[in-house]
Amino acid sequence: MANCWYRKNRLQITQGRESIKTYNDKATLTGQILKRSFCDTCGSNLFIQNDNLEKAQLISATSGTIDNRANLHPTVEVWGQGRRTWLCPIEGTEKKNTQ
């Protein structure tokens, strides 16, 4: 799943706010709780939060939920060690094996 990180104050929910539900995922590789938000109408993944992102005032949004994607260009690849063998690294991005 491709995610985009945004400053929380820059992300605008344009519709469906009442359908957003969140659960705490405790079964993570790092042991850190992930707050996963999804649409309770269609089941689509929307956002992921953890303590580190919250402290930095960031939110991780599923890229497919973003309306204006024309100017999105990756700058960092996170969790690269989990990349599928058929998926090439993105040239010119910073690579991180953890968050």
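Look at Thr41 and say whether it is among the β-branched types (Val, Ile, Thr), at pLDDT below 90 and either under 12 Å from the mean Cα position of the chain (by Cα) or over 13 Å from Trp5 (Cα atoms) (or both). Here the answer is no, as Thr41 does not meet what is asked.
Would you mind listing the strands (runs of 3 or more DSSP E) fully within segment 35-99 where at least 1 residues are of a type in the set (A, V, I, L, M)? So that I can check it myself, show each step before the final result.
Working: elements: 45-49, 58-62, 76-78, 94-96.
Once the strands (runs of 3 or more DSSP E) in segment 35-99 are filtered for at least 1 residues that are of a type in the set (A, V, I, L, M), what remains is 45-49, 58-62, 76-78.
Pairs meeting the criteria (first residue in segment 25-52 and touching a residue at least 40 places away in the same chain (Cβ under 8 Å) and within 15 Å of Ser63 (Cα to Cα), second residue assigned to a strand (DSSP E or B) and among the aliphatic types (A, V, I, L, M), beta carbons under 7 Å, at least 6 apart or on different chains) are Ile48/Leu34. Within segment 11-34, the set of residues being at pLDDT below 95, surrounded by 14 or more Cβ atoms within 10 Å (Cβ to Cβ) and not in a loop (DSSP other than H, G, I, E, B) comprises Leu34 only. Restricting to segment 64-87, and then to whatever is β-branched (Val, Ile, Thr) and under 24 Å from Cys39 (Cβ atoms), can you tell me which residue is surrounded by the fewest Cβ atoms within 10 Å (Cβ to Cβ)? For segment 64-87, the residue satisfying everything is Ile66.
Please find, within segment 61-70, the residue that is modelled with the highest pLDDT out of those that are of a type in the set (Gly, Ala, Ser) and either touching a strand residue (DSSP E or B) at 6+ places or on another chain (Cβ under 6 Å) or farther than 15 Å from Ile13 by Cα (or both). Quick ask: steps written out before the conclusion?
Our first condition is that a residue be of a type in the set (Gly, Ala, Ser); within segment 61-70, this holds for 61, 63-64, 70.
Those left that are additionally either touching a strand residue (DSSP E or B) at 6+ places or on another chain (Cβ under 6 Å) or farther than 15 Å from Ile13 by Cα (or both): 61, 63, 70.
On the way: Ala61: 89, Ser63: 82, Ala70: 77.
The qualifying residue modelled with the highest pLDDT is Ala61.
If I filter segment 47-60 for residues that are more than 16 Å from Cys4 (Cα to Cα) and either surrounded by 14 or more Cβ atoms within 10 Å (Cβ to Cβ) or at pLDDT 90 or above (or both), do I get at least one hit?
Checking segment 47-60: at least one residue is more than 16 Å from Cys4 (Cα to Cα) and either surrounded by 14 or more Cβ atoms within 10 Å (Cβ to Cβ) or at pLDDT 90 or above (or both).
The values are calculated or read from the model by the stated rules, or taken from the named source; none is laboratory data. The shown structure was predicted, so the numbers you read here are calculated from the model rather than taken from an experiment. Cβ: placed from backbone, ideal geometry, glycine included. Neighbour counts: every protein chain shown.
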